[in-house]
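Reading through the structure tokens given below for one structure.
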Amino acid sequence: MTVNLRGVTVVLLPGTGSDDDYVYRAFSAALHDVGATVVTPAPQPEALIEGFLRELDNAARLGPIAVGGVSIGAAVAASWALSHPSRAVAVLAALPAWTGQPGNAPAALAALYSAHQLRSDGLASTIAAMRASSPAWLADELTRSWLSQWPALPDAMQEAAGYDAPTCEELATLAVPMGVAAATDDLVHPVEVALEWVASAPRAALRTVTLDAMGVDPGVLGAACVTALLEAS
């Protein structure tokens, strides 16, 4: 049966160093089109994972919710859905970064490196280096969100880099449909991870985008996730 998100609250969590502003722009149009209510809590960098879980728990007090997010946000959301099968109706996972323990996953290593640079070189210098090596649209997004999360940002990055995402065995027990989106040219969030998530979950589908397309319109990421979810359910 196709999942119906009309009237459903969808709680979406941002990626490491990102924020609620970006995740709202990425997902809101596609979810509003299907009648969902979009909730995008701001990250709490001083207690990142705990803050995410608290927001999900609070939103589910009024009834079942759909959950999702980007990168670490997707991992936390999927883990919450696995732990609360009666309170989740769907998962929207954009750019999943790793499966199980982070190990040497590119996103985990990048977060640890950025945390180290922020602590050793300071915010301004680290932002300058990030801007020199990133697409302009991503540099603008991260500059805004990094500024808003300073000075607790390095702690949030380190916490995210140590988070255990769902394993393949755990994803195999997911009771709700999952839509997954990956960027085919994103080396930090390899499409192979997204394929692994989709292959493991009982009801899951994948849609892909590109970083260039996301730079023009962040909404393509959310649209890909929602389309994949409808295909999976």
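Just one of (1) aromatic (Phe, Trp, Tyr); (2) surrounded by fewer than 19 Cβ atoms within 10 Å (Cβ to Cβ); (3) under 16 Å from the mean Cα position of the chain (by Cα) fails for TRP80. It is (2).
Between GLU169, GLU159, which is at pLDDT 95 or above, over 17 Å from SER125 (Cα atoms), out of contact with any Pro (no Cβ under 9 Å at 6 or more places or on another chain) and assigned to a helix (DSSP H, G or I)? Give the derivation first.
Working: GLU159 fails: out of contact with any Pro (no Cβ under 9 Å at 6 or more places or on another chain).
Among GLU169, GLU159, only GLU169 is at pLDDT 95 or above, over 17 Å from SER125 (Cα atoms), out of contact with any Pro (no Cβ under 9 Å at 6 or more places or on another chain) and assigned to a helix (DSSP H, G or I).
Against the conditions (1) outside any loop (DSSP other than H, G, I, E, B); (2) among the aliphatic types (A, V, I, L, M); (3) touching an Asp or Glu at 6+ places or on another chain (Cβ under 6 Å), ALA115 satisfies every one except (3). Which is surrounded by fewer than 17 Cβ atoms within 10 Å (Cβ to Cβ) and hydrophobic (A, V, I, L, M, F, W, C), of LEU62, LEU48? Only one candidate passes the filter, namely LEU62. Looking only at residues in region 162-200 that are under 14 Å from ALA74 (Cα atoms) and among the small types (Gly, Ala, Ser), the one that is surrounded by the most Cβ atoms within 10 Å (Cβ to Cβ) is ALA181. For region 32-53, residues that are over 17 Å from ALA156 (Cβ atoms) and not β-branched (Val, Ile, Thr) total 4. Cβ separations smaller than 7 Å between residues 6+ apart or across chains give the following pairs from region 41-64 residues that are among the charged types (D, E, K, R) to residues that are surrounded by 18 or more Cβ atoms within 10 Å (Cβ to Cβ) and not in a helix (DSSP H, G or I): GLU55/VAL11; GLU55/PRO41.
Out of all the residues in region 198-219, is one or more closer than 16 Å to VAL34 by Cβ, among the small types (Gly, Ala, Ser) and part of a helix (DSSP H, G or I)? Walk me through how you get there before you give the answer.
So in region 198-219, the residues closer than 16 Å to VAL34 by Cβ come out as 205, 207, 219.
Filter once more, keeping what is among the small types (Gly, Ala, Ser): 205, 219.
Filter once more, so that each one left must be part of a helix (DSSP H, G or I): 219.
Checked against the condition, which is being closer than 16 Å to VAL34 by Cβ, among the small types (Gly, Ala, Ser) and part of a helix (DSSP H, G or I), region 198-219 yields at least one hit.
Only one of the numbered conditions (1) surrounded by 20 or more Cβ atoms within 10 Å (Cβ to Cβ); (2) under 15 Å from the mean Cα position of the chain (by Cα); (3) over 23 Å from LEU142 (Cβ atoms) is not met by LEU53, and that is (1).
Scan region 205-228 for residues that are under 15 Å from the mean Cα position of the chain (by Cα) and farther than 13 Å from ALA182 by Cβ and the total you get is 5.
So is ALA204 touching a Leu at 6+ places or on another chain (Cβ under 9 Å), assigned by TED's automatic domain parsing to the domain that holds GLU46 and surrounded by 17 or more Cβ atoms within 10 Å (Cβ to Cβ) or not?
Values: touching a Leu at 6+ places or on another chain (Cβ under 9 Å): yes; assigned by TED's automatic domain parsing to the domain that holds GLU46: yes; surrounded by 17 or more Cβ atoms within 10 Å (Cβ to Cβ): yes.
The answer is yes for ALA204.
Within region 125-134, identify whether any single residue is assigned by TED's automatic domain parsing to the domain that holds PRO85, surrounded by fewer than 22 Cβ atoms within 10 Å (Cβ to Cβ), at negative phi and out of contact with any Leu (no Cβ under 7 Å at 6 or more places or on another chain), and answer yes or no. No, because not a single residue in region 125-134 is assigned by TED's automatic domain parsing to the domain that holds PRO85, surrounded by fewer than 22 Cβ atoms within 10 Å (Cβ to Cβ), at negative phi and out of contact with any Leu (no Cβ under 7 Å at 6 or more places or on another chain).
The values are calculated or read from the model by the stated rules, or taken from the named source; none is laboratory data. Every value quoted in this text rests on a predicted model; they were computed, and no experiment measured them. Positions of Cβ are generated from backbone atoms using ideal geometry, with glycine treated the same way; all protein chains shown enter the neighbour counts.
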